[in-house]
Amino acid sequence: MDGRGLGSGPLTAVSPISGGTQNIMLRFERSGRTYVLRRGPEHLRPRSNDVIRRECRVLRSLGGTAVPHPALIAACDDESVLGDAVFYLMEPVDGFNASIALPALHEADAAIRHEMGLRLVDALATLAEVDHVAVGLGDFGKPEGFLERQVPRWLAELASYDAFPDYPGPDIGPVDEVAAWLDAHRPTDWRPGILHGDYHAANVMFAPDGPDVVAVVDWEMCTIGDPLLDLGWLLATWDLPGAPEEFAGPLTRAEGLATRDELVQRYAERSTRDLSAIDWYVVLACFKLGIVLEGSHARALAGLAPQEIGDRLHLTTRRLLERAHELIQHN
């Protein structure tokens, strides 16, 4: 920080920031300015530093766009500074996470809660319209064959869980039927763009004085692909019946949410993309996210994650596959 001209003297008011990932986030002050530090988990995984580097690149590229995001201050690519971990500093966000709690204003006003869902879509549509090549992300992903790769990629991931001790295999519902339907109904005409990769109500910060989205966070799954999968992801996780509250529980419990059709209509009003196959993207999101969450169940059975979390995410996976199957029955 000294070398970048970012204040002087000690770091003060250091406090952890809780969130939905195992990455470490800390808030601190220096010379009267507040910073947020983000790095990989205490016990780094093989790709942790690469993920943080990719996040830095995305945040830097979004700096000149209208996409709400945490502003990047500086990044450190030297792994020796913080115990083998790269890290970056960003501006603090004046907002709240709806998966943790709702402020009194939002809890009391159904109209604000309804509008929060629509503003989620506004932020997503803004991201989808960004020219990824123009902002320097032309080589950030491999959009060619992106949709074709999804089903085999995630079936292989599911099969890999068999290597975990005591995992009995995936008891998660009609996964093979869903996979076959996805392959048979895959869209053939789509336009590449920036894909957040994990877009739901718990991965944004809302304004404390209204329904606006002030920052989209957790960019670790970002790539270049089909942005409609982000919309499918939001719809897949939106008010998922019978599932634990993984995706903004307090907001769901408070009711007054925008409907699925309202979310799709809002996106259509703010995007030039073809939404005629949106159910396919919702089914893919249910399929992909369900398999990702089942990995935590497999790790829990192997003693590598808390059993309570594994059981809860296993139930969420089953509910996602049920939602996918219901959509298939209507298409």
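The values are calculated or read from the model by the stated rules, or taken from the named source; none is laboratory data. Predicted model, so just to flag it, every value in this text is computed and none were measured. Neighbour counts are summed over all protein chains in view; Cβ atoms, including those assigned to glycine, are modelled from backbone coordinates with ideal geometry. When the accessible area is computed, the model is the full protein with side chains, heavy atoms only, and any ligands, DNA or RNA have been set aside. Shrake-Rupley method; radii C 1.70, N 1.55, O 1.52, S 1.80 Å.
Which residues, counting only those in the stretch 138-163, are in contact with a Lys or Arg (Cβ under 8 Å, 6 or more places away or on another chain) and surrounded by 17 or more Cβ atoms within 10 Å (Cβ to Cβ)? If you could, list the steps in order and put the result at the bottom.
The first filter runs over the stretch 138-163 and keeps only residues in contact with a Lys or Arg (Cβ under 8 Å, 6 or more places away or on another chain), leaving 140, 147-148, 150, 154.
Within the stretch 138-163, F140, L147, Q150, W154 meet the criteria.
Among the listed residues S61, S8, identify the single one that is open to solvent by 60 Å² or more (accessible area, probe 1.4 Å) and either touching a residue at least 40 places away in the same chain (Cβ under 8 Å) or out of contact with any His (no Cβ under 8 Å at 6 or more places or on another chain) (or both).
S8
Quick one: what pairs do we get from the stretch 64-85, first residue loosely packed, with under 14 Cβ neighbours inside 10 Å, second among the hydroxyl-bearing types (S, T, Y) and at pLDDT 95 or above, C-beta under 8 Å, 6+ apart or different chains?
A66/T126
Show the residue pairs that are 6+ apart or on different chains and have beta-carbon atoms under 7 Å apart, the first residue being within the stretch 299-321 and more than 19 Å from D162 (Cβ to Cβ) and in the same structural domain as V175 (by the TED database), the second being part of a loop (DSSP other than H, G, I, E, B) and among the acidic types (D, E).
T316/E246
Do we have G197 as touching a residue at least 24 places away in the same chain (Cβ under 8 Å) and under 22 Å from the mean Cα position of the chain (by Cα) here?
Values: touching a residue at least 24 places away in the same chain (Cβ under 8 Å): yes; under 22 Å from the mean Cα position of the chain (by Cα): yes.
The answer is yes for G197.
Would you check which residues across the stretch 246-291 are farther than 24 Å from M221 by Cβ and free of Cβ contacts under 8 Å to residues at least 40 places away in the same chain and list them?
Of everything in the stretch 246-291, those that are farther than 24 Å from M221 by Cβ and free of Cβ contacts under 8 Å to residues at least 40 places away in the same chain turn out to be R253, T259, D261, Q265, A268, E269, S276.
If you check E308, E326, which single one turns out to be under 22 Å from Y199 (Cβ atoms), open to solvent by 60 Å² or more (accessible area, probe 1.4 Å) and not basic (K, R)?
On the way: E308 fails: under 22 Å from Y199 (Cβ atoms).
Going through E308, E326 in turn, the sole match is E326.
State which residue is least open to solvent (accessible area, probe 1.4 Å) when the search covers only the stretch 182-194 and only residues that are in contact (Cβ under 8 Å) with a residue 12 or more places away in the chain and part of a helix (DSSP H, G or I). Write out each step before concluding.
So the first thing to find is which residues in the stretch 182-194 are in contact (Cβ under 8 Å) with a residue 12 or more places away in the chain, and the list is 182-183, 185-187, 189-194.
Filter once more, so that each one left must be part of a helix (DSSP H, G or I): 182-183.
Numbers: L182: 0, D183: 72 Å².
The selected residue is L182.
Please verify whether S99 is touching an Asp or Glu at 6+ places or on another chain (Cβ under 8 Å), assigned to a loop (DSSP other than H, G, I, E, B) and either within 30 Å of E42 (Cβ to Cβ) or touching a residue at least 24 places away in the same chain (Cβ under 8 Å) (or both), treating the condition exactly as stated. Working first, answer last.
Details: touching an Asp or Glu at 6+ places or on another chain (Cβ under 8 Å): yes; assigned to a loop (DSSP other than H, G, I, E, B): yes; either within 30 Å of E42 (Cβ to Cβ) or touching a residue at least 24 places away in the same chain (Cβ under 8 Å) (or both): yes.
Yes, satisfied.
Of the residues R273, R260, R253, which single one is open to solvent by 10 Å² or more (accessible area, probe 1.4 Å) and in contact with a Phe, Trp or Tyr (Cβ under 7 Å, 6 or more places away or on another chain)?
Values: R273 fails: in contact with a Phe, Trp or Tyr (Cβ under 7 Å, 6 or more places away or on another chain); R253 fails: in contact with a Phe, Trp or Tyr (Cβ under 7 Å, 6 or more places away or on another chain).
Just one listed residue meets the conditions, R260.
If we scan the stretch 219-229, do we find a residue that is more than 16 Å from the chain's Cα centre (by Cα) and charged (D, E, K, R)?
Initial filter on the stretch 219-229 (more than 16 Å from the chain's Cα centre (by Cα)): none.
Within the stretch 219-229, none of the residues are more than 16 Å from the chain's Cα centre (by Cα) and charged (D, E, K, R).
Go through the stretch 90-100 and give me each residue that's more than 18 Å from the chain's Cα centre (by Cα) and either at positive phi or surrounded by fewer than 21 Cβ atoms within 10 Å (Cβ to Cβ) (or both).
The first filter runs over the stretch 90-100 and keeps only residues more than 18 Å from the chain's Cα centre (by Cα), leaving 90-92, 94.
Result: E91, P92, D94.
Report whether or not Y161 is under 23 Å from the mean Cα position of the chain (by Cα), assigned by the TED database to the domain that holds E107 and part of a helix (DSSP H, G or I). It would help to see each step written out before you state the result.
Numbers: under 23 Å from the mean Cα position of the chain (by Cα): yes; assigned by the TED database to the domain that holds E107: yes; part of a helix (DSSP H, G or I): yes.
Answer is yes for this residue.
Taking the condition over 19 Å from the mean Cα position of the chain (by Cα) and either in contact (Cβ under 8 Å) with a residue 24 or more places away in the chain or buried (at least 21 other Cβ atoms within 10 Å of the Cβ) (or both), does A111 pass?
Working: over 19 Å from the mean Cα position of the chain (by Cα): yes; either in contact (Cβ under 8 Å) with a residue 24 or more places away in the chain or buried (at least 21 other Cβ atoms within 10 Å of the Cβ) (or both): yes.
In short, yes.
Looking only at the stretch 218-248, count every residue that is crowded, with 24+ Cβ neighbours inside 10 Å and among the charged types (D, E, K, R) and tell me the total.
1
Have a look at A179, A207, A128, A215 and point out the one that is open to solvent by less than 40 Å² (accessible area, probe 1.4 Å) and touching a Ser or Thr at 6+ places or on another chain (Cβ under 8 Å). Reasoning before the result, please.
Values: A179 fails: touching a Ser or Thr at 6+ places or on another chain (Cβ under 8 Å); A207 fails: touching a Ser or Thr at 6+ places or on another chain (Cβ under 8 Å); A215 fails: touching a Ser or Thr at 6+ places or on another chain (Cβ under 8 Å).
From the options A179, A207, A128, A215, the qualifying one is A128.
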